[in-house]
Amino acid sequence: MFMVDGQFTQLATIQIKDLKAQATDETGLLKEYLAYETEFYKGQLKDISSAFLKPVNGHPRLMWSATPADASAKVRNVFLVFVHGNYILSLSTAVATSASEKPARKRLETIAASFKPSNKPITLKFAKDGSYSH
């Protein structure tokens, strides 16, 4: 979890092998991931909506949102999901049910567009000063 422009944002990952997906293409994997999430949270979510966005560099992206079924919840959760290598990455944020999702969706797209994977794990030292040296 982290803050972007003062807004709560979360990044979650799942290894594709852990999804036990049948699909062999990225679009199919994202569909299976959405089915997995909605089944896992069955009864806890309502008003689920999803749409594929324009692919970036040939890779599909899935935007979906849902409202917690708890009547006291005043938020809607928004997710942007995409495949990278052997992982499915899910960026998420929360939006007040009285507000538009559009700014949150745009923010998630901006974050995803700036995604730059590294072959090396990021250490605390690197996060502080950009150095991998000891």
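Derivation of every value follows stated rules applied to the coordinates shown; laboratory data play no part. This is a predicted model, so every value here is computed, not measured. So basically every Cβ, Gly included, is an ideal-geometry build from the backbone, and we count neighbours across all protein chains shown.
Observations on the model:
- Subset of the range 19-62 that is surrounded by 15 or more Cβ atoms within 10 Å (Cβ to Cβ) and among the small types (Gly, Ala, Ser) - its residue that is nearest to Glu109 (Cα to Cα): Ser50
- Criterion violated by Ala94 - all others in (1) surrounded by fewer than 14 Cβ atoms within 10 Å (Cβ to Cβ); (2) touching a residue at least 40 places away in the same chain (Cβ under 8 Å) satisfied: (1)
- Taken together, Thr93, Thr67 contain a single residue that is more than 20 Å from Leu30 (Cβ to Cβ), in contact with a Ser or Thr (Cβ under 7 Å, 6 or more places away or on another chain) and not in a helix (DSSP H, G or I), which is Thr67.
- Filter result (of a type in the set (Val, Ile, Thr) and touching a Lys or Arg at 6+ places or on another chain (Cβ under 7 Å)) within the range 31-80: Thr67, Val78
- Screening Lys17 on (1) touching a residue at least 60 places away in the same chain (Cβ under 8 Å); (2) part of a strand (DSSP E or B) shows it passes everything except condition (2).
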